[in-house]
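The values are calculated or read from the model by the stated rules, or taken from the named source; none is laboratory data. Worth saying up front: this structure is predicted, and the values here are computed from it rather than measured. All accessible areas refer to the heavy atoms of the entire protein, side chains included, with ligands and DNA or RNA removed. Shrake-Rupley method; radii C 1.70, N 1.55, O 1.52, S 1.80 Å.
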Amino acid sequence: MKTELKSLAILTLILVSFTAPAQRERMLGLWSVEKVTVGEENMTPVAKWTRINADGTYQVGNGWLQNGSGRWKYDAENNRYSATDPLALADEFGGFSVSFHGTNMRWQRAEEGMQVEVSLVPIEELPRSPADYLKGIWELVEITENETSILGDFDPENTHKLFIRWDRIYLNFTPEGNRWTGYWHIHGHKPEVTLLPHQENGTVESWRVTVNEKELRMTGISDSNQTIKRHYVRRNTF
């Protein structure tokens with residue numbers, strides 16, 4: 001009996017010694033965060049990714065914006081992945097338990113009594129977020145209020161354009177010939193952008209956006225614009 005138990009212990013030790021490096025190896029690469037749930041709530045960020053490198057370093061970001069980096073480690077005995085960013089707040093919840101389902105990876109842990117689950121899928125290139133597509137020159141082609149077109153009254157000379165810059169500044173070329181400026185801010189978990197004018201009499205407005213290489217559609221979600229929808233097309237000149 002003792003011999004059998006000893007053999008079983010040795011076999012287990014051998015399996016662990018092979019499994020741990022294999023598990024660590026599978027974590028390497030570029031991953032997109034497909035879904036994040038906290039309890040019953042979906043908390044998936046927009047275009048979130050992490051790159052886990054063989055040298056023990058990692059990077060994280062949203063879309064084309066990298067917003068964190070540091071070192072990671074894998075505790076084979078407890079099957080836990082943890083990452084430390086020297087510029088970020090300390091992670092008080094510890095690492096994530098790791099499992100694989102086909103080619104996908106899953107992280108799980110408890111935070112303040114709630115179960116947190118992160119599903120990741122392997123990718124070859126950084127994902128684009130709405131913020132990445134927003135940058136550029138946009139020409140208004142339609143605007144509606146309560147589903148009725150008001151383009152002829154709002155922009156009769158077809159002069160309104162919106163220039164969204166990479167440095168979070170926007171330029172609003174108004175139908176009246178003015179050029180207003182301000183800051184734009186993108187929500188981290190939703191395709192929503194807020195425009196904050198530099199002008200004292202400007203109105204702060206938020207919009208839900210659908211955007212790609214060619215088109216930008218904006219639906220008002222503030223009190224001042226909730227009946228308004230705008231449709232822009234991309235231009236490469238003013």
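Solvent exposure of the chain, expressed per residue, is 62 Å² of accessible area, with all protein chains present and a 1.4 angstrom probe. If you run the Gaussian network model on the chain, springs between alpha carbon atoms under 10 Å, then out of 68, 177, 39 the most flexible one is 177. Largest first, the residues 91, 132 sort by 1.4 Å accessible area into 91, 132. Based on Cα contacts under 8 Å between residues 6+ apart, region 174-220 shows a relative contact order of 25 percent.
The heavy atoms of residue 103 offer some 100 square angstrom of accessible surface to a 1.4 angstrom probe. In this structure residue 192 has an accessible area near 40 Å², from a 1.4 Å probe over the protein heavy atoms. Atom-type composition of the exposed protein surface of the chain places 52 percent of the accessible area on carbon and sulfur (1.4 angstrom probe). Ranked from largest to smallest solvent-accessible area, with a 1.4 Å probe on the protein heavy atoms, 27, 43 come out as 43, 27. Estimated at the nearest 10 Å², the accessible area of residue 203 is 80 Å² with a 1.4 Å probe.
The listed residues 141, 233, once ranked by accessible area (1.4 Å probe) with the largest placed first, stand as 141, 233.
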